[in-house]
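Here the structure is laid out as structure tokens; the discussion comes afterwards.
The values are calculated or read from the model by the stated rules, or taken from the named source; none is laboratory data. Note that the structure is a prediction, hence the values are computed from the model and not measured. Here the Cβ is made from the backbone with ideal geometry for all residues, glycine too, and neighbour counts use every protein chain on show. For the accessible areas, the whole protein counts, side chains as well, though only heavy atoms, and no ligand, DNA or RNA atoms are used. Shrake-Rupley method; radii C 1.70, N 1.55, O 1.52, S 1.80 Å.
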Amino acid sequence: PLLSKKFETIPVALVTAKRLPNVLNQIVQIWSNPGGSETPLAIMVDGYSHEAELLGKVLNVTVLFHQNIAKVGTKQRINQHIKFSLKSIFELYPDVDKAIILEDDLVLSPDFISYFQQTSILLKFDPTILCINAYNYNSFPHTAHDPSRLYRAQSYPYYGWMTNRLQANKLLENWATLDIDADWDLWVRRYHVNTEHQVIIPEVPRTKHEGGGGFHVSGFEQETTFHQRLLNDKQKVEINMIRLWDFAYALDLMRLIEHAVKVNITRHPCKEIPIPKYSKQTHVVYLNLTGEDDIEHSYKVVAKCLGFFQDLYENYQGTISIKFFETPLIIISCPSSPYCVDVPEDIIYLPSKDDIQYADDHPWRLSNTTGEISWRIPANDPLEEFNLKNTIAYAYVVNE
């Protein structure tokens with residue numbers, strides 16, 4: 001069974017800056033999940049809110065208020081509240097080993113609880129895993145298909161994540177302080193994620209970002225990128241966790257690369273797609289990359305032409321594992337990745353300045369961006385109007 005009789009107690013910290021309708025929606029979604037009613041919840045409010053206090057009493061959910069001294073509207077304010085939430089959830093439940101951190105601008109999948117219950121065993125036995133994410137940036141309709149598939153990545157905690165007490169204590173010991181102008185998640189990645197500590201990410205996300213116009217995500221970015229990414233809609237998914245421990249994962253990746261079809265990009269990838277669609281055979285692309293900061297060149301061109309996420313946050317030792325219309329694809333950085341071994345120079349893609357400019361002029365050629373048509377109808381109440389829920393008859397168009 002997906003949720004065994006030994007249901008582990010993994011509390012959820014609902015992190016909010018008083019957006020209580022969002023929190024209420026999340027609580028309803030969690031309680032609708034199998035195992036959700038057995039999951040302890042705690043609302044972590046940035047500052048004091050009488051409404052939050054009343055909501056907690058009505059729902060019988062614990063509410064903690066953070067007297068945050070950082071300036072409102074700053075990175076430091078967010079950093080300190082995430083730190084408070086992470087610290088408080090383990091203090092509130094001293095007997096648990098793991099906890100989930102959930103920000104209030106996320107919609108949850110029907111197997112959100114099951115996903116973390118199943119993957120919790122990885123944190124128990126693998127000290128190289130910093131956390132388990134519910135999200136994957138490269139999860140567009142043409143790049144993600146298998147909800148049971150997991151990847152290792154040198155990523156960072158985001159959009160719903162679980163960690164254990166040991167890793168949480170390490171994070172808290174070296175957290176971005178009030179005098180540092182840095183995002184907490186990128187700080188964590190810089191100082192806690194490396195070739196020895198990684199993050200588990202799903203191929204198909206268990207959360208969907210629904211914020212827009214906030215501190216980090218604009219309304220335009222929400223519509224053009226976050227809105228396009230998938231959210232698992234299946235309630236019963238058996239997560240495949242075979243050989244996810246680091247050494248086995250590295251060996252399997254090496255074996256896949258050895259037997260993969262090597263792609264030689266001879267024409268601009270915006271003009272001619274270099275990878276076949278719907279192939280069962282793994283393909284590998286070698287890109288001229290000296291490291292993660294070298295994204296303005298070969299990876300940016302390929303990412304824009306084929307509709308991939310344009311940052312390298314989710315790489316595993318200089319490789320990115322992804323799907324392209326169901327075809328397994330591995331992108332390898334050369335010479336920076338240890339998986340760039342005995343590769344002929346003529347198949348390492350290095351775009352010219354004209355190639356880069358062409359990609360800039362023709363971005364997201366194969367992104368499968370969806371078109372949406374909807375009709376507004378009279379709202380049943382002001383809250384429905386405010387949340388733009390009074391719509392019907394959506395129509396989605398997938399462009400291949």
Does any residue of region 314-322 turn out to be open to solvent by 30 Å² or more (accessible area, probe 1.4 Å), more than 21 Å from PRO338 (Cα to Cα) and in contact (Cβ under 8 Å) with a residue 40 or more places away in the chain? no
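So in region 336-387, with the set limited to residues that are assigned to a loop (DSSP other than H, G, I, E, B) and modelled with pLDDT under 65, which one is farthest from ALA303 (Cα to Cα)? Reasoning before the result, please.
Within region 336-387, the first condition is being assigned to a loop (DSSP other than H, G, I, E, B), and the residues that meet it are 336-344, 350-352, 362-369, 377-381, 387.
This time we only want the ones that are modelled with pLDDT under 65, so: 363-369, 387.
Values: PRO363: 9, TRP364: 8, ARG365: 10, LEU366: 9, SER367: 9, ASN368: 13, THR369: 14, ASN387: 33 Å.
It comes out as ASN387.
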Any strands (runs of 3 or more DSSP E) falling wholly within region 107-171 and containing at least 1 residues that are open to solvent by less than 20 Å² (accessible area, probe 1.4 Å), among the hydroxyl-bearing types (Ser, Thr, Tyr) and under 29 Å from PRO21 (Cα atoms): 161-164
Could you list, in sequence order, the residues of region 236-263 that are surrounded by 14 or more Cβ atoms within 10 Å (Cβ to Cβ) and in contact with a helix residue (DSSP H, G or I) (Cβ under 9 Å, 6 or more places away or on another chain)? VAL237, ILE239, MET241, LEU244, TRP245, VAL263
Is it true that ARG229 is out of contact with any Ser or Thr (no Cβ under 8 Å at 6 or more places or on another chain) and of a type in the set (D, E, K, R)? no
ALA99, sole failed condition from (1) touching a Pro at 6+ places or on another chain (Cβ under 7 Å); (2) surrounded by fewer than 19 Cβ atoms within 10 Å (Cβ to Cβ); (3) part of a strand (DSSP E or B): (2)
Filtering region 282-313 down to residues that are under 25 Å from ARG190 (Cβ atoms) and polar (S, T, N, Q), which residue is surrounded by the fewest Cβ atoms within 10 Å (Cβ to Cβ)? THR290
Taking the stated definitions as given, is ILE332 surrounded by 22 or more Cβ atoms within 10 Å (Cβ to Cβ), assigned to a loop (DSSP other than H, G, I, E, B) and touching a strand residue (DSSP E or B) at 6+ places or on another chain (Cβ under 6 Å)? no
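Conditions (1) charged (D, E, K, R); (2) outside any loop (DSSP other than H, G, I, E, B); (3) open to solvent by less than 50 Å² (accessible area, probe 1.4 Å); (4) more than 15 Å from ALA168 (Cβ to Cβ), marked per residue:
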| residue | (1), (2), (3), (4) |
| --- | --- |
| ASP46 | yes, yes, yes, yes |
| GLY56 | no, yes, yes, yes |
| LYS71 | yes, no, no, yes |
| ARG77 | yes, yes, yes, yes |
| ILE82 | no, yes, yes, no |
| GLU91 | yes, yes, no, no |
Select, from LYS87, LYS18, the only residue that is basic (Lys, Arg) and in a loop (DSSP other than H, G, I, E, B). LYS18
Restricting to region 199-245, what's the tally of residues that are modelled with pLDDT of 95 or more, over 13 Å from LEU106 (Cα atoms) and outside any loop (DSSP other than H, G, I, E, B)? 4
Selection count where residues are part of a loop (DSSP other than H, G, I, E, B) and surrounded by 13 or more Cβ atoms within 10 Å (Cβ to Cβ), scope region 58-69: 2
